[in-house]
Amino acid sequence: MDITKLTEGALGRIDPRLATGAYSVLKRLPFVRRLVEREFDSMLGDIGDSVRPYSGKTETYRRLPVEGRSREELLDLMGELQAQEADRWRDGYVSGAVYHGDARHIEFLNRVYAINSQANPLHADLWPSTLKYEAEVISMTAQMLGAGEAVNDDGAPAEVCGSVSSGGTESILLAMKAYRDRARAQRRVRHPEMVAPVTAHAAFDKAAEYFNIKMVKVPIGASYKADVAEARKAINRNTVVVVGSAPCFPHGIIDPIADLSELARARGVGFHTDACLGGFVLPWAERLGYPVPWFDFRLPGVTSISADTHKYGYAAKGTSVVLYRDPALRRFQYYTTTDWPGGLYFSPTFAGSRPGALSAACWAALVSIGEAGYLDATHKILETAASIKQGLREIPEIEILGEPLWVIAFASEEVDIYRVMDHMTERGWSLNGLHKPSCVHLCVTLRHTQAGVAERFVSDLKEAVAHVKSQPKAEGGMAPVYGLAAQIPVRTVVGELLERYIDLMYEIDPE
Ligand SMILES: Cc1ncc(COP(=O)(O)O)c(C=O)c1O
């Protein structure tokens, strides 16, 4: 059986919602379940090898070794694996992922981590240094994002505040929980809703699912920006927050944050700017004279912002900042419990114990780079992105989506863009495949500002397009996977396939 046949056949001809319902009933039948599982196995059959390239090549620890291995042996092994993996990102073949990557910067952050490796801000009395670092990271990020000029409706300066979290997703989850709980407490909203553009990061869908918030999606217009008129229609009494991206992950486009946040303000609801990608780029781009519309606390309707220090803040992986326009809103993010036998317990974010060393490394990154460093990095990234965009415009089969600054999505009406991506993968590139519409993006980082990288990208892309054009049919790669995922009308089937993929990631070789 072929999943597409099941879901495209009888199920594909009925309303997708009914089809999803029918599938959820059908899959309870043991023989259907077996067929579906077999189909998933065959679809994922070849992928296991790419997820586990070390299988059979390094020792597999299924249980604890009886005697511990020597530290030197382990350091050697891990050094080897790391070295094998570093070539691709270090040489600038990867979209996003490693945003700085300079050896001396990494070495510095590693030393900071080593000094602070035992720190845990849950025990504030033991590591007050971590609290200092976190409070200053929040303050530096807030000042960068307009806190100093933020004025409330009553004319008083806004008291912008925030938290350090583990990454963009956690920052977004925290803010969405805060809005849900505030609306419940202050407006008795029992069926909370969030209004977000279709291009908003998947973390918002995750928040909606985790916190029982109904997600109301707003379409994007021809410029790939959220449609403000549709957003206006989507806001109702249950809306707890409206969302916009600066810029969005898929196409790197900045939503009309001024208009969207004004809509939210007029209706008395919160507005979150997701500046996970742009928070540490756009303020400097604005200073450099690039056309950057306001997206931060200078806009009176913006009540929270997520900005990732572990992306263009150039900190080590594992930190982000979530900011709020006022401390009362931040309090809805906190957790406290007073009756636990373990004592009075409180934590500002989702985790209990947290890696204080990452907050220390984040502080050290910000302070060591400083305004001049961020301006310089942003200048290099935007110049490189401009030359890549120019190169793409010279490939007639390729079209850039919208007018992005440095996250450049491109599509084609003439060639299968996923096959182009596959061909780029063969040449060592790791690009992001996107869908709805089918396209691929390159998120330009400091790695791409190295000499020759932008030129190599454009010339490889030219050759990949020419190759696909000359051989329209080919087997393997990601193209069929994207093609299949797009064809399957019952989205739960695609979701189940992804769950199987996650299962696969945790597998180890059988004994
Ligand atoms: C716009 C945007 N928001 C949120 C996130 C989520 O960040 P993280 O992967 O750190 O959780 C990303 C990640 O790329 C992003 O681009």
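The values are calculated or read from the model by the stated rules, or taken from the named source; none is laboratory data. The model shown is predicted, which means the values in this text are computed figures rather than measured ones. A quick note on method: Cβ atoms are made from the backbone with ideal geometry, for glycine too, and the neighbour counts reach across all protein chains shown. Remember, those area values only see protein heavy atoms, side chains included, never the ligands or the DNA or RNA. Shrake-Rupley method; radii C 1.70, N 1.55, O 1.52, S 1.80 Å.
The requirement of being aromatic (Phe, Trp, Tyr) and away from the ligand (no atom under 14 Å from the Cβ) is not satisfied by Phe204. Of the residues making up segment 327-334, at least one is of a type outside the set (A, V, I, L, M, F, W, C), under 21 Å from the mean Cα position of the chain (by Cα) and crowded, with 22+ Cβ neighbours inside 10 Å. Taking first residues from segment 151-180 that are aromatic (Phe, Trp, Tyr) and partners that are within 16 Å of the ligand (Cβ to nearest atom) and open to solvent by less than 20 Å² (accessible area, probe 1.4 Å), the Cβ contacts under 9 Å between residues at least 6 apart in sequence or on separate chains come to Tyr179/Met194; Tyr179/Val241; Tyr179/His272; Tyr179/Ser304.
The residues of segment 174-205 that are among the β-branched types (Val, Ile, Thr) and open to solvent by less than 20 Å² (accessible area, probe 1.4 Å), listed by number, are Val189, Val195, Thr199.
Of everything in segment 265-296 that is crowded, with 24+ Cβ neighbours inside 10 Å, among the small types (Gly, Ala, Ser) and in contact (Cβ under 8 Å) with a residue 40 or more places away in the chain, the residue that is farthest from the ligand (Cβ to nearest atom) is Gly270.
Would a scan of segment 62-76 turn up a residue that is farther than 27 Å from Val490 by Cα, open to solvent by 60 Å² or more (accessible area, probe 1.4 Å) and within 28 Å of the chain's Cα centre (by Cα)? No: zero hits. Screening the candidates Ser261, Ser163, Ser171 for the property of being open to solvent by less than 50 Å² (accessible area, probe 1.4 Å), part of a helix (DSSP H, G or I) and within 16 Å of the ligand (Cβ to nearest atom) yields one hit, Ser171. Tallying residues that are basic (Lys, Arg) and more than 12 Å from Trp363 (Cβ to Cβ) within segment 92-135 yields 2. Can you tell me which residues in segment 399-425 are part of a helix (DSSP H, G or I) and either within 16 Å of the ligand (Cβ to nearest atom) or surrounded by fewer than 18 Cβ atoms within 10 Å (Cβ to Cβ) (or both)? Thr425, the sole residue that qualifies.
Out of Ala178, Ala229, which single residue is more than 14 Å from the ligand (Cβ to nearest atom), under 24 Å from Pro300 (Cα atoms) and touching a Leu at 6+ places or on another chain (Cβ under 7 Å)? The match here is Ala178. Of all residues in segment 181-201, those being among the polar types (S, T, N, Q) and within 11 Å of the ligand (Cβ to nearest atom) number 1. Taking the residues in segment 236-252 that are away from the ligand (no atom under 16 Å from the Cβ) and open to solvent by 10 Å² or more (accessible area, probe 1.4 Å) as candidates, determine which candidate is nearest to Met176 (Cα to Cα). Ranking the candidates gives Asn238 first.
Counted as qualifying within segment 293-398 are the strands (runs of 3 or more DSSP E) with 1 or more residues that are under 30 Å from Ala114 (Cβ atoms), namely 304-307, 320-324, 345-347. As for segment 209-221, it holds no residue that is in contact with a strand residue (DSSP E or B) (Cβ under 7 Å, 6 or more places away or on another chain) and of a type in the set (Gly, Ala, Ser). List every residue pair whose Cβ atoms lie under 6 Å apart, where the two residues are 6 or more positions apart in sequence or sit on different chains, the first residue falls within segment 485-506 and is more than 30 Å from Tyr61 (Cα to Cα), and the second residue, located anywhere, is loosely packed, with under 14 Cβ neighbours inside 10 Å. Matching pairs, first to second residue: Pro489/Pro16. Just the residues that are under 17 Å from Gly92 (Cα atoms), open to solvent by less than 50 Å² (accessible area, probe 1.4 Å) and either touching a Leu at 6+ places or on another chain (Cβ under 8 Å) or among the basic types (Lys, Arg) (or both), please, taken from segment 367-390. Those that are under 17 Å from Gly92 (Cα atoms), open to solvent by less than 50 Å² (accessible area, probe 1.4 Å) and either touching a Leu at 6+ places or on another chain (Cβ under 8 Å) or among the basic types (Lys, Arg) (or both): Ala377, Thr378, Ile381, Leu382, Ala385, Ile388, Lys389.
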